[in-house]
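Colleague: Input: one structure, supplied below.
Just so you know, all these numbers are worked out from the coordinates, no wet-lab data involved. What you see is a predicted model; the values in this text were computed from it and never measured. Cβ sites come from the backbone with ideal geometry, for glycine too, and all protein chains shown count toward neighbours.
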Amino acid sequence: MAHPVQKNTLYVGGLAEEVNEGILHAAFIPFGDIKDVKTPLDQATQKHRSFGFVTFLEKEDTSAAMDNMDGAELYGRVLTVNYALPERIKGGEQGWAAQPIWADADTWFERQQQEEEMQRIQAENRAAMQEAEELHRKKMAQEREGEMEEETEAKNDPMARAEAEVLKENSS
């Protein structure tokens, strides 16, 4: 996905640790009036993250600065100077996006509803499975009881005993 570039703002990469916003301003002021200079800080170390942004008032000044400073050396480090991409704000479905966090609120609610529906269906399926297992256990228990009753009846029935004895004698 192509991002539109900001024609008045330059990305300046490869900054040495000792470079601050004042030094960066001084390095780029020969090319025209500067509106703003930023060097984003690393939250853990409170030092800049080896890059910064320089915003000029005029597009032509931005172009001249990029042509002259890309590949130039500052405090022993070679600079990378390009047009800056637009600042992205936190939010959107991918975490960082060019849209505010509330822009995907509708899809978030839809996903929540779908998730709740899935949980409801899963709960119903679990309940149905438990019920089916319980019915199966009862059926198996009844069959075992029926087999035991048949064996008990066979032991108490004189004809069944006589048949069992004859079968035993014939098989031997």
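Colleague: Tell me, rounded to the nearest percent, the portion of alpha carbon pairs in region 8-61 spaced more than 16 Å apart. Please list the in-between numbers first.
Modeller: Numbers: 528 of 1431 pairs.
Percent of Cα pairs beyond 16 Å in region 8-61: 37.
Colleague: Between ARG161 and GLN130, what is the spin-label point distance in nm, taking each point 7 Å from the Cα along the Cα→C-beta axis?
Modeller: Inter-label distance under the simple model: 4.9 nm.
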